[in-house]
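I have placed the structure first, in the form of structure tokens, so that the comments after it can refer back to it.
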Amino acid sequence: LIFPTRTDCRTTHSAALNAVRTRYAFSREKWFDGLNSRQLVAAWGLERYDLGVTALQPDLVAFLILSTVRRFAQSADPAISTKHVILAGRALGLSEEKSDELKAYLLNQAVRLWSEQTSEKSDIPLGHDGYLKLWSLMDPQLAYDFILLDEAQDTNPAVLSVIRNQTCQRIYV
């Protein structure tokens, strides 16, 4: 398929990165590197989280923090909230009181992580989900006559919110 020369063919990642790079002076590593549980444990010095009835190992705590930020980054929501917090592993069998305590802790840590990911003063990487989220939070207005979004079924709500907010014709494939 050949498009006219005035057609701008790009991925949503490319559009997002072009827009957010003008606002943030991040290193290549901060933009593109990922962050796994072990890296977060090491960076923050995470320790076991004691809930009295059980304790969560640092790797699980880091996984839950990262999962919370990932759910937020892929959502259309403007801020991290308890609805982004998921529990897994030993955290699943907790009483409602202990579950709420853990969720509050994880939410606080997820807010901290997102703050570090979006700070020029921190080495914690933002990654691909992160710059897509920053783009969606900017509520960009794209100067197009129409947008053709291929593979729309695989597009996360953060990106879909950007497309939905455009005034041009939108075609979801």
(request) For segment 1-62, build the charge dipole from Cβ charges (+1 Lys, Arg; -1 Asp, Glu) around the Cα centre, then report which of 42, 5, 61 sits farthest towards its positive end. (result) 5
(request) Can you send over the carbon and sulfur percentage of the accessible area for the chain, probe radius 1.4 Å, protein chains only? (result) 49 percent
(message) Treating only the Cβ of Lys, Arg, Asp and Glu as charged (+1, +1, -1, -1), what charge dipole size does segment 1-130 show about its Cα centre? Round to the nearest 20 debye.
(response) 480 debye
(message) Restricting to DSSP loop positions (anything but H, G, I, E, B) with no more than 13 other Cβ atoms inside 10 Å of their own Cβ, which trypsin sites (Lys or Arg not before Pro) remain in segment 109-164?
(response) 121
(message) I'd like the GluC sites (Glu not before Pro) in segment 73-154 restricted to DSSP loop residues with at most 10 other Cβ atoms within 10 Å, sorted by number.
(response) 120, 151
(request) At 0.36 nm per residue, minus the direct Cα-Cα distance, what do residue 172 and residue 139 gain on full extension? Give it in nm, one decimal, please. (result) 10.0 nm
(request) Report residue 8's accessible area, 1.4 Å probe, all protein chains in place, as a number in Å² to the nearest 10. (result) 70 Å²
(request) Grab the beta carbon distance between residue 108 and residue 154, set R0 = 35 Å, and tell me the FRET efficiency rounded to 0.05. (result) 0.65
(request) Write out the chymotrypsin sites (Phe, Trp or Tyr not before Pro) in segment 67-166 meeting two conditions: DSSP loop, and at most 15 other Cβ atoms within 10 Å of their Cβ. (result) 144
(request) Express the accessible area of segment 12-63 per residue in Å², computed with a 1.4 Å probe while the remaining protein chains stay in the model. (result) 58 Å²
(request) Could you tell me which of rounded, prolate or oblate describes segment 20-91, using a ≥ b ≥ c as the square roots of the eigenvalues of the alpha-carbon gyration tensor, with rounded for a/c under 1.5 and, failing that, prolate when a/b is larger than b/c and oblate otherwise? (result) oblate
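The values are calculated or read from the model by the stated rules, or taken from the named source; none is laboratory data. Note that the structure is a prediction, hence the values are computed from the model and not measured. We place every Cβ from the backbone using ideal geometry, glycine too, and count neighbours over all the protein chains shown. Each accessible area value is taken on the protein alone, full model and side chains, heavy atoms only, with ligands, DNA and RNA left out. Shrake-Rupley method; radii C 1.70, N 1.55, O 1.52, S 1.80 Å.
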